[in-house]
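Scroll down for the structure; my scribbles are underneath it.
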Amino acid sequence: MSIATATATASTHAAAERRSAELEREIAENPGRFRVLSGDRPTGPLHLGHYFGTLRNRLRLQDLGAEVFVLIADYQVLTDRDTAERLDEYTEGLLLDHLALGLDPDRTTVFNHSAVPALNQLVLPFLSLVSVAELSRNPTVKDEIAHSRQAAVSGLMYTYPVHQAADILFCKAALVPVGQDQLPHLELTRTVARRFNERYGKVFPEPDALLSTAPLLLGTDGAKMSKSRANAIPLAATADETARLIRGATTDAERHITYDPQARPGVSSLVLLAALCLDRDPHDVAAEIGDGGAAALKRTVTDAVNGHLAPARARRAEYAADPAYVRAVLRAGNERAAQVAERTLEEVRAAMGTFR
Ligand code: TRP
């Protein structure tokens, strides 16, 4: 990333954080006013980074009374890989994770975008509203291209942020709980909405990102926790697997445990993980472990994670035993999303004056 891009990204991020804090106050006053959309690519099991980054935020908003849409972004899987392997398995996994954590299908619409034709049709007019130069400047896309395992960069890689704009705008979501890597896509979504409205008349609101207040969790190797880096602790892992993964986490040679994310990223991320699970201050957690060293730290983290997730993991197993129910949840969500998308597409056709 160039210095100019890094500086721009940092100021976008600071602005998004301020805006998120302001939105939190508005949500507290009137949660029913907000339609929320957020989603994940079904590329593997969801992990603790997703959980503290966005999942918890979505479900909190559901419980506060906002109208929530949860997207399983299956077409977006093909941005950085050639084949859609195990798509059905990962889609079911995402559904199970959400149900286990408290997604209520009577209140929240869960859907996969390949099942909602009218959503995808919005991509065509939206593509006409952005330039190739804008698409190739997107820092998240650039980063993904740099880490892609593909020999060639596909057209979908450059254009998926426009598809993501359709994911958000089809239901006119006002709030999008995301991690900070998604801010460029939110910016693009706002641009698409604004330009569409200017050109054809007002149809779309400009959505806001809602950033989680939890700091970024690192993976067990000290890099950002990621499905593709094999450094993640899956939500659905067993207690034993969780213990094994945490035992293998990178720490450092200093015995005394402190919370200092700058100087001691590995140790501090473990402390943070325990603190998030225990709903405590990370400095207090570190002070309590003190001279116990990495072994005591890892025991604390393992117990905290396993304790925090035990009820959800038990519920997940119950839902997993009833695949017909899980499929029915998705079918109902897809029907509802399709109705909403059809309505929006009708407005788009009317605004554009297409022949009918
Ligand atoms: N790009 C997001 C991710 O990789 C997933 C996603 C697709 C999404 N469409 C979305 C997130 C719409 C928020 C809103 O995590």
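The values are calculated or read from the model by the stated rules, or taken from the named source; none is laboratory data. All figures in this text were calculated on a predicted structure; none of them were measured in a lab. Neighbour counts run over all protein chains shown; Cβ positions are idealised from the backbone, glycine included.
Structural remarks
- Filter result for the condition that a residue is more than 30 Å from R18 (Cα to Cα), in contact (Cβ under 8 Å) with a residue 24 or more places away in the chain and of a type outside the set (A, V, I, L, M), over S114, S128: S114
- At least 2 residues being within 30 Å of P125 (Cβ to Cβ) is the threshold, and among the helices (runs of 4 or more DSSP H) wholly inside segment 282-356 those reaching it are 323-352.
- In segment 58-76, of all residues being among the charged types (D, E, K, R) and within 11 Å of the ligand (Cβ to nearest atom), the one that is farthest from A214 (Cα to Cα) corresponds to D74.
- Set side by side, the residues T220, T242, T189 differ, and just one is touching a residue at least 12 places away in the same chain (Cβ under 8 Å), touching a helix residue (DSSP H, G or I) at 6+ places or on another chain (Cβ under 6 Å) and within 10 Å of the ligand (Cβ to nearest atom), which is T189.
- Residues of segment 50-70 satisfying the condition of being in contact (Cβ under 8 Å) with a residue 12 or more places away in the chain and of a type in the set (D, E, K, R): R56, R58, D63, E67
- Note on segment 289-326: residues that are touching a residue at least 40 places away in the same chain (Cβ under 8 Å) and within 30 Å of A115 (Cβ to Cβ) total 9.
- Between D88, D97, D82, D104, the distinction of being within 24 Å of P311 (Cβ to Cβ) and surrounded by fewer than 18 Cβ atoms within 10 Å (Cβ to Cβ) belongs to D104 only.
- Check on D181, within 15 Å of the ligand (Cβ to nearest atom) and surrounded by fewer than 19 Cβ atoms within 10 Å (Cβ to Cβ): yes
- Just one of the numbered conditions (1) away from the ligand (no atom under 12 Å from the Cβ); (2) assigned to a helix (DSSP H, G or I); (3) under 23 Å from R316 (Cα atoms) is not true of L55: (1).
- Conditions (1) of a type in the set (V, I, T); (2) crowded, with 22+ Cβ neighbours inside 10 Å; (3) more than 16 Å from T220 (Cα to Cα); number of the one not met by T238: (2)
- Taking segment 20-52 as the range and being more than 16 Å from the ligand (Cβ to nearest atom) and either in a helix (DSSP H, G or I) or touching a Leu at 6+ places or on another chain (Cβ under 8 Å) (or both) as the test, the residues that pass are A21, E22, E24, R25, E26, I27, A28, E29, P31, G32, R33.
- Only one of the numbered conditions (1) assigned by TED's automatic domain parsing to the domain that holds A295; (2) modelled with pLDDT of 95 or more is violated by P234, and that is (1).
Per-residue answers, yes or no, for (1) more than 16 Å from the ligand (Cβ to nearest atom); (2) closer than 24 Å to Y158 by Cα; (3) over 16 Å from the mean Cα position of the chain (by Cα):
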site	(1), (2), (3)
L78	no, yes, yes
R81	no, yes, yes
E89	yes, no, yes
G93	no, no, no
D97	no, no, no
A100	yes, no, yes
L103	no, no, no
A115	no, yes, yes
